[in-house]
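Trainee: Supplied in structure tokens, the structure appears directly below.
The values are calculated or read from the model by the stated rules, or taken from the named source; none is laboratory data. Not measured: the values here are computed from a predicted model. Here the Cβ positions follow ideal geometry from the backbone for every residue, glycine too, while neighbour counts run over all protein chains shown.
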Amino acid sequence: MVSVPSTTDVVARSGDGAIWIERVTGRLDLGTSDGSVRASDVSGELTFHTSDGSVHVDNAAGAIDVDTGDGSVEVSGNLGAVKLHTGDGSIVYHAAAGTAMTDDWSFTTGDGSVTLYLPQGFSAELDARTSDGGIRNDLHVGPVRAEADDAPGADGPRQDRDESSRRALRAQLGTGGKVLKIRTGDGSIRLRAS
């Protein structure tokens with residue numbers, strides 16, 4: 001265990017083991033080759049990487065960039081910039097009330113589901129796609145363009161389907177704005193109110 005001031009920059013690496021940090025504000029760069037990363041009550045510029053392990057972040061603020069080769073990702077907080085990636089695992093993100101995008105957001109998994117909980121009044125340009133799975137949207141959206149599995153190319157008409165069978169969904173949330181990109185190679189996408 002290492003104790004640091006509550007406002008400081010932290011760079012931590014582990015070859016084989018977990019990293020846990022809490023109640024720190026600053027530039028946090030945490031990485032492990034084999035183990036999980038856990039953080040709570042953190043803010044600033046947050047970069048978390050693990051080659052083989054899960055990442056769990058509670059009550060975060062600022063900007064976050066998470067990358068894991070093999071493991072689930074769960075993040076909650078009031079973040080302006082979000083980039084969450086896993087090669088193999090699910091992604092769950094809970095946006096706190098009052099969250100607003102300051103940059104484009106990206107949620108990507110090669111194999112797993114993506115679930116986002118977004119607050120009332122949240123605004124974004126939604127761009128969601130799954131290669132093998134469905135999209136369930138419980139949020140109020142503006143104009144929707146759904147692309148069905150058997151829809152012809154750009155030259156022909158597209159067919160809308162029930163939301164649970166959609167593999168792609170582009171729509172405006174709230175007043176639009178920054179791009180909210182969601183991709184999964186094999187899994188469902190769920191958009192819910194927080």
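Trainee: List, please: which pairs have Cβ atoms under 8 Å, are six or more places apart or on different chains, and start with a residue in the range 172-183 that is modelled with pLDDT of 95 or more and in a strand (DSSP E or B) and end with one that is among the basic types (Lys, Arg) and buried (at least 17 other Cβ atoms within 10 Å of the Cβ)?
Mentor: Correct list of pairs: ILE182/ARG129; ARG183/ARG129.
Trainee: Do you know which residues across the range 152-161 are of a type outside the set (S, T, N, Q) and either modelled with pLDDT of 95 or more or over 15 Å from THR130 (Cβ atoms) (or both)?
Mentor: Passing the criteria: PRO152, GLY153, ALA154, ASP155, GLY156, PRO157, ARG158, ASP160.
Trainee: Can you find a residue that is surrounded by fewer than 16 Cβ atoms within 10 Å (Cβ to Cβ) and closer than 22 Å to GLN172 by Cα anywhere in the range 99-111?
Mentor: yes
Trainee: Restricting to strands (runs of 3 or more DSSP E) lying wholly in the range 1-51: which have 3 or more residues that are buried (at least 19 other Cβ atoms within 10 Å of the Cβ) and in contact with a Leu (Cβ under 9 Å, 6 or more places away or on another chain)?
Mentor: Details: elements: 10-14, 19-32, 37-50.
Per the criteria, 19-32, 37-50.
Trainee: Look through the range 171-189, keep the residues that are of a type outside the set (Gly, Ala, Ser) and crowded, with 16+ Cβ neighbours inside 10 Å, and return whichever of them is nearest to ASP132 (Cα to Cα). Outline the logic, then answer.
Mentor: Of all residues in the range 171-189, those of a type outside the set (Gly, Ala, Ser) come to 172-173, 175, 178-184, 186, 189.
Still in the list and also crowded, with 16+ Cβ neighbours inside 10 Å: 173, 178, 180-184, 189.
Values: LEU173: 24, LYS178: 26, LEU180: 20, LYS181: 17, ILE182: 13, ARG183: 11, THR184: 8, ILE189: 10 Å.
In this case the residue turns out to be THR184.
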